[in-house]
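Okay, so here's the structure we're looking at.
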Amino acid sequence: METLRRASASFIAAVLALSPLNAGAVSLYDGIKTRPAVVAPVVPTQNLPVLPQLPTGLSPITTLDASIPQLPTLPVENFAAISPAAQLIAPAVQQTPAPLASLESTSAKLEAPGANQAATLDATFDAGIASHVGDAISEYFGVLAPGDEPGVVVSKKKTSGTQGAPTDLEMENNVKASPKTNPEREQIAIRMFQKGGAKYDPAASAAKQPDFNRDGEVQVQEVPGQDGSVSHNIFVVKKGTPKPGQKERIIVITSHNDKVEVGDGVIDNWTGTTMVSHLYQSIKDVKTEATYVFATFAREEEGLVGSKRFLRSLTPDQRALIEGNINYDTIAIKGGDTNSWDNDPGQGENHSDEVLLAAADAAVAQANKSRGPSEQLVLNRAHLNGGDADSSSFRWQRPPIPGMTIFSGPEDLVFSIIHSAADNIGAFDFALYKNTYLVALALISWLEAHPLAHASPVGNA
C-alpha cells in the first residue's frame, strides 16, 4: 500500500508507466506529457490527538450510498444491513493528507468537545483530494488536437460515479469486500459499475439480448438454472469511435461472478469480477476506437452457463463485430504469478488463441520499455490442465472468436486454493493484482493500435 503522501499520484504513475514515451510511439495514452511527480506536502502530525483505533480490517472510508436501488428480482431486501461488503464498496477515498493550509482548522475541529474525529478527517481528506488530485490531473493530462492519432482524450468531465482510475485503496477494499452469496455478488457487481460511472435503472426489464449501443448503462441478463432459480449476467458497454470508413470492432472483457459453496470465493473469482469493474472505471472517459464490453457472467461453475447464454443471445451480426475476448479468472494468488493460459500441446485443449497470447506478450514488452528495472510488468505463459474458463465459450463459436484467459499460477497452487476453504482473503496478493491490472491496461492500449482484425491468422498454440 502506498503512503498517504503518494496515493493521489497513483493513477498518474500507473497510466504514465503504460505509455511508450519514445518519439513516434502509438499507444492508448500516447501524447501524455512527462513531468516530475506531484507530491503533497508532508503534514506534521505530532500535535494531532490520537484517534481511536479502527476495528481490524476496516478503513476510514465512506459507506455505500443507501439510495442506490436494489435489483428487484433478487431476494435481497436490505443489503446494507446484512452484508459487510456494503460498507466496503465506496467511492475512492484517497490516502492523501489534508493540505497544509487547513491544518490549524482541522486541529481545532478535532480538539473540540464531542468532536467526531473520523468524520472530520474524512471531510478533510475529501477536500484535499478535490484540489490536489484535480490539479495533478490538469498538470499531467492535456487534450490532444483533433485528428491526433489515436485521438485519445482523457476527459475531465465529472460523472455520477468515481472519476478516473480506481486508487490502490479502492481496488484492495473492493476485493476484500468479497460477498459470501451469489445474489450479493451480483448486487455488488452492479454497484461497482455504478461507482465507476455507469448508470443503472433497476426498473428496466432484463436484457434478453445485449445492446452494444447502450453506452455506459448497466445491463442485466437473466440466466436460469436447472433448479429453477435465476442468476444474472451483468455488463456495461463503453462505446468506441471507429475511424472513418472502418467498421465497429468490439473487445469483450469478462469474468464470472459466481462462487462454489465452499470457501469465500475471493480468488475464484471475486478477483476477476473486481478487475473487470476497475478496468471499466479506468477507461470509461477515454476516447477509444474499439468498443469494449465489460461483463461478469453467472453460473460459470455450473459449466460456463452464463457466457454461453450471453453469446447465444447475440445476433450473427453482433457476433461478427466481436474481435476477441479477454477473460480474468482466479488472479492474484499469494505466491503465484500473472499468467496467460497456454496449455501444453497434447495435454488438453489450449484455452487461449495465439493471436491474443502474442498481443499480450507484445503489449507488456512495449510497456516495459518506459518502466524502470524495479517496475517491470510480468506476464508469463503457463499451463493449467483440468479446468475451463469462459474464454472457451467464445472460442467454441462458429466461426470462432479469439479468446484468452489470464490467471494466477502455477497449476498446483491454483488447485490448492480454489473450491476449498483456503479460498479466502488470506490467499490474496494485492501487488500481484496491481501487476495484472497494469498488464490489462497495457493490453487494451496495444489492441487500440493493433486491431486483431488486421492480424494474420495464426491459429491456436
Within the group Asn325, Asn339, which residue is polar (S, T, N, Q), closer than 23 Å to Ile283 by Cα, in a strand (DSSP E or B) and modelled with pLDDT of 95 or more? Asn325
Scanning segment 229-240 for residues that are assigned to a loop (DSSP other than H, G, I, E, B) and touching a residue at least 12 places away in the same chain (Cβ under 8 Å) gives Lys239, Gly240
Suppose we keep only residues that are among the polar types (S, T, N, Q) and assigned to a loop (DSSP other than H, G, I, E, B) within segment 243-278. Which one would you say is surrounded by the most Cβ atoms within 10 Å (Cβ to Cβ)? Asn257
Segment 216-236: number of residues that are touching a helix residue (DSSP H, G or I) at 6+ places or on another chain (Cβ under 8 Å) and among the hydroxyl-bearing types (Ser, Thr, Tyr): 1
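Yes/no per residue for (1) of a type in the set (D, E, K, R); (2) in contact with a helix residue (DSSP H, G or I) (Cβ under 7 Å, 6 or more places away or on another chain):
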{"position": "Gly403", "(1), (2)": "no, yes"}
{"position": "Ile406", "(1), (2)": "no, yes"}
{"position": "Val414", "(1), (2)": "no, no"}
{"position": "Asn424", "(1), (2)": "no, yes"}
{"position": "Asp429", "(1), (2)": "yes, no"}
Condition first: among the hydroxyl-bearing types (Ser, Thr, Tyr) and within 30 Å of Ser416 (Cα to Cα). Now tell me which residues in segment 274-332 satisfy that. Thr274, Ser277, Thr296, Ser307, Tyr328, Thr330
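Here is a yes/no grid of residues against (1) aliphatic (A, V, I, L, M); (2) free of Cβ contacts under 8 Å to residues at least 60 places away in the same chain:
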{"position": "Asp211", "(1), (2)": "no, yes"}
{"position": "Val218", "(1), (2)": "yes, yes"}
{"position": "Val223", "(1), (2)": "yes, no"}
{"position": "Asp227", "(1), (2)": "no, yes"}
{"position": "Pro242", "(1), (2)": "no, yes"}
{"position": "His256", "(1), (2)": "no, no"}
{"position": "Lys287", "(1), (2)": "no, no"}
{"position": "Glu301", "(1), (2)": "no, yes"}
Determine if segment 385-392 includes at least one residue that is surrounded by fewer than 24 Cβ atoms within 10 Å (Cβ to Cβ), in a loop (DSSP other than H, G, I, E, B), touching a Phe, Trp or Tyr at 6+ places or on another chain (Cβ under 9 Å) and not acidic (Asp, Glu). yes
Screening Ser420, Ser408, Ser416 for residues that are out of contact with any Gly (no Cβ under 7 Å at 6 or more places or on another chain) and hydroxyl-bearing (Ser, Thr, Tyr) leaves only Ser416
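The values are calculated or read from the model by the stated rules, or taken from the named source; none is laboratory data. On a predicted model such as this, the values are computed, not experimentally measured, just so you know. Because the Cβ atoms are built from the backbone with ideal geometry, glycine has one as well, and the counts that use them run over all protein chains shown.
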